[in-house]
Amino acid sequence: MYSAAAAAASPPRRDFISVTLSPEEAVGAGGYNNSKAWRRRSCWRKWKQLSRLQRSIILFLFAFLAVCGVISYTSMGEPWKSLTNKSLDDQRTEPEIPGLKLANPAVLPAPQKADANLGNYPELSPQKPPKLPPVRRGPSNLQIKPPRRDVRLKTRHDTSRVVEEPVKADKEEKTEKSVISWRGAVIEPDQSTEPPSSKIKEPEKPSSVEAEDQKEPVPINERQMAVIEAFRHAWKGYKDFAWGHDELKPLSKSYSEWFGLGLTLIDALDTMWILGLKEEFEEARKWVANDLVFDKNVDVNLFESTIRILGGLLSTYHLSGDSLFLEKAKDIGNRLMPAFKTPSKIPYSDVNIGRGTAHPPRWTSDSTVAEVTSIQLEFRELSRLTGDEKFQKAVDEVMKHVHTLSGKNDGLVPMFINTNSGQFTHLGVYTLGARADSYYEYLLKQWIQGGKKENELLEDYMRAIEGVKKHLLQKSQPKKLTFVGELAHGHFSAKMDHLVCFLPGTLALGAHNGLTADHMKLAEALIETCYQMYAQVETGLSPEIVHFNLHAQKGHKDVEIKPADRHNLLRPETVESLFYMYRFTGDKKYQDWGWEILQNFNKYTRVPTGGYTSINNVQNPSNPEPRDKMESFFLGETLKYMFLLFSDDIDLINLDKYVFNTEAHPLPIWVPA
């Protein structure tokens with residue numbers, strides 16, 4: 001027991017130990033201060049304490065995980081990117097209009113080489129040809145690239161200026177009616193496409209194909225090979241006897257001149273590209289580069305030079321991407337512009353491309369309606385490519401003026417229009433043949449080219465087809481063939497030009513683009529008639545004009561031919577419509593009909609030394625009376641449509657991406673950049 005004194009004398013008890021170190025001493029002694037440097041040293045000591053085997057295993061695991069991560073990113077990155085892009089595109093895309101297909105970017109793969117060893121013309125069966133090994137479709141090593149941006153900008157600065165669209169026009173566009181209703185057809189303009197306007201954008205480059213969009217070429221079949229052989233035979237005659245001139249005279253082994261601008265060669269450029277004739281195309285290109293000169297004192301027809309020369313150059317530019325053809329197109333386009341300097345803005349028929357002057361024919365101040373309204377596709381496209389609005393503005397004014405004119409009969413137009421007054425002349429005569437035919441064709445095709453937004457064009461087209469049904473359609477006897485006649489001052493004539501056989505294809509094209517289904521039914525009836533214009537004739541070739549029997553007569557066919565009309569000029573219109581009908585229906589009979597026509601061309605119009613000739617008498621198989629002339633459109637149109645007709649490749653000039661001008665030169669359908 002402790003006493004109080006003892007307790008007071010003992011020292012006090014401590015329950016803890018206190019150690020005080022200065023910061024410098026702590027750090028110097030290796031103490032912890034939570035700094036990054038200290039943590040790094042601590043981790044390094046732990047790492048050094050591991051055995052070499054342990055460190056190797058850890059490093060291997062890290063390397064393995066890194067490799068797996070790279071492989072996973074590579075395999076999953078692209079699908080995720082595509083899915084993301086697709087989602088964004090879906091958000092930007094307008095809802096699809098039922099019955100109408102949106103225009104796709106105009107693209108055509110660089111053609112691939114066809115078989116060069118065809119030999120003589122093969123005797124082939126009209127049955128379905130056997131499958132052949134894949135044959136490439138064109139010049140495989142003809143890698144012509146689109147023009148550089150600086151070249152295209154130079155083109156623009158040389159020939160154009162940018163014109164800003166007034167704000168008012170933008171407001172009017174928003175309030176524009178969105179639906180057209182015309183006797184059964186309800187069309188909503190495609191909101192995803194760019195409407196033509198006076199606001200010209202950057203000069204356009206030709207279409208190109210991304211690698212992922214290119215498909216394996218469809219094999220060229222035996223019938224297409226026969227078309228290639230026919231083209232080569234025709235080209236041989238032109239090259240041997242008419243090189244650089246307008247048209248071949250195959251019998252006399254000479255040539256004829258119209259404008260002196262190599263019409264046959266230019267008309268055939270895109271045909272050679274599509275058929276895959278590499279050597280012929282390269283040779284023709286050299287002539288265009290070195291010898292095609294427009295600065296010459298010569299009168300040319302505005303319409304013919306536009307559809308053949310300007311259209312051919314623009315088409316070849318788009319298919320090949322070679323800026324040479326755009327430069328030439330720009331040159332001829334500028335030289336044709338004086339034709340529009342008239343009091344009415346309705347162009348003169350003839351232009352001197354060297355002097356820069358224009359005039360009507362010597363015998364009249366009239367122009368034909370078809371000629372002044374069938375140059376629009378080409379001039380509009382030239383404006384789009386060059387950035388110069390003047391070309392499109394000139395031709396658009398013509399269409400707007402014709403839209404407002406009186407003198408029409410339920411949408412049908414007279415054949416002539418005066419360049420001074422701007423009024424129709426020779427009223428009361430209505431036809432879908434010569435001098436009026438392509439007016440109706442270009443109403444539809446301009447609407448398609450511009451993205452289905454120019455309502456006036458569609459309204460005029462729909463009204464005109466109703467006028468055809470009301471005034472010009474009749475049935476023949478005894479086979480009750482539906483045909484398109486003519487109306488003169490209230491009197492119906494059962495006369496039908498072969499030119500009218502463009503109509504079935506045009507009707508089918510309209511139906512494909514969402515117009516009323518009865519247009520396709522009418523197209524099917526009319527193409528049967530056009531085929532019978534061949535089948536009921538002794539040579540199996542159609543005359544230029546036929547007359548149909550309206551009343552049954554014993555021993556008489558539906559088709560009657562007058563002596564002045566029994567010539568055949570190797571025209572393309574029936575084959576053109578067969579191509580459209582097969583492309584849209586897939587019915588093989590249209591290919592078989594075209595095959596019969598090609599065989600008869602070979603039998604009655606082929607010249608052994610090279611070339612094909614027009615004939616004077618389709619009713620005399622023993623002596624069809626050759627005329628000694630091969631029109632440029634035989635290579636530019638007839639054989640091109642033959643080749644496309646026999647193809648089962650819908651992407652070989654896809655009709656949702658291209659629209660053909662009236663000389664069979666494909667031009668792209670406009671879409672936003």
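The values are calculated or read from the model by the stated rules, or taken from the named source; none is laboratory data. Predicted model only: the values in this text are computed from it and were never measured. Glycine gets a Cβ as well: all are built from the backbone with ideal geometry, and neighbour counts include every protein chain shown. Side chains are part of the model used for accessible areas, which takes the heavy atoms of the whole protein and leaves out ligands, DNA and RNA. Shrake-Rupley method; radii C 1.70, N 1.55, O 1.52, S 1.80 Å.
Normalised by the residues of region 254-357, what does the relative contact order come to in percent, with Cα pairs under 8 Å and at least six apart? Please report the intermediate quantities before stating the final value.
On the way: 109 pairs, mean separation 32.4, N = 104.
For region 254-357, the relative contact order is 31 percent.
The modelled label-to-label distance for the pair residue 551/residue 218, using points 7 Å beyond Cα in the direction of Cβ, is 4.8 nm.
Entry note, region 606-673: relative contact order of 20 percent, from Cα contacts under 8 Å with a spacing of 6+ residues. Quick check on region 483-625: take the gyration tensor over C-alpha atoms, sort the square-rooted eigenvalues as a ≥ b ≥ c, and tell me if it's rounded (a/c under 1.5), prolate or oblate. Because a/c hits 1.5 or more and a/b fails to exceed b/c, region 483-625 counts as oblate.
Taking 19 Å as the limit for the C-alpha separation, the pairs 278/640; 400/470; 475/521 exceed it in the case of 400/470. When peptides 412-420, 281-289, 631-639 are sorted by average Cβ neighbour count within 10 Å, with the highest value leading, the order is 631-639, 412-420, 281-289.
Is the C-alpha gyration tensor of region 402-550 telling us rounded, prolate or oblate? Criteria: a/c under 1.5 is rounded; beyond that, a/b larger than b/c is prolate, otherwise oblate. Oblate shape, in that a/c is at least 1.5 and b/c is the bigger or equal ratio.
When you restrict to C-alpha pairs under 8 Å that are six or more residues apart and normalise by the size of region 370-447, the relative contact order lands at 35 percent.
What ranking, highest mean first, results for peptides 567-580, 480-493, 535-548 when packing means the other Cβ atoms within 10 Å averaged over each residue?
Listed from highest to lowest mean packing, they are 567-580, 535-548, 480-493.
Add +1 for every Lys or Arg and -1 for every Asp or Glu among the other residues with Cβ under 12 Å from the Cβ of residue 403, and state the total.
-3
Give me the net charge of residue 503's neighbourhood, meaning all other residues with Cβ under 9 Å from the Cβ of residue 503; Lys, Arg count +1, Asp, Glu -1.
Working: positive: none; negative: 437, 441, 573.
Summing Lys/Arg as +1 and Asp/Glu as -1 gives -3.
Sorting 613-621, 310-318, 59-67 by their mean Cβ neighbour count within 10 Å, with the most densely packed peptide first, gives 310-318, 613-621, 59-67. Taken as Cα centroids, region 448-509 and region 567-642 sit 23 Å apart, rounded to the nearest whole angstrom. Scalar couplings 3J(HN,Hα) for region 531-544, obtained by applying the Karplus form with A = 6.51, B = -1.76, C = 1.60 to θ = phi - 60°, are 5, 5, 5, 8, 5, 8, 10, 4, 8, x, 10, 6, x, 5 Hz; x denotes Gly and Pro.
List, in the order given, every pair from 408/469; 495/557; 480/589; 286/393; 236/330; 479/588 whose Cα-Cα distance in the structure shown is over 24 Å. Kindly include the intermediate steps, with their values, before the conclusion.
Values: 408/469 15 Å; 495/557 15 Å; 480/589 20 Å; 286/393 33 Å; 236/330 30 Å; 479/588 22 Å.
Among 408/469; 495/557; 480/589; 286/393; 236/330; 479/588, the Cα-Cα distance tops 24 Å for 286/393; 236/330.
Per-residue extension of 0.36 nm, minus the Cα-Cα distance of residue 423 and residue 592, leaves a gain of 56.3 nm for this segment.
In whole percent, how big is the carbon plus sulfur part of the accessible area of region 404-553, probe 1.4 Å, protein atoms only?
Values: 2370 of 4570 Å².
Answer for region 404-553: carbon and sulfur cover 52 percent of the accessible area.
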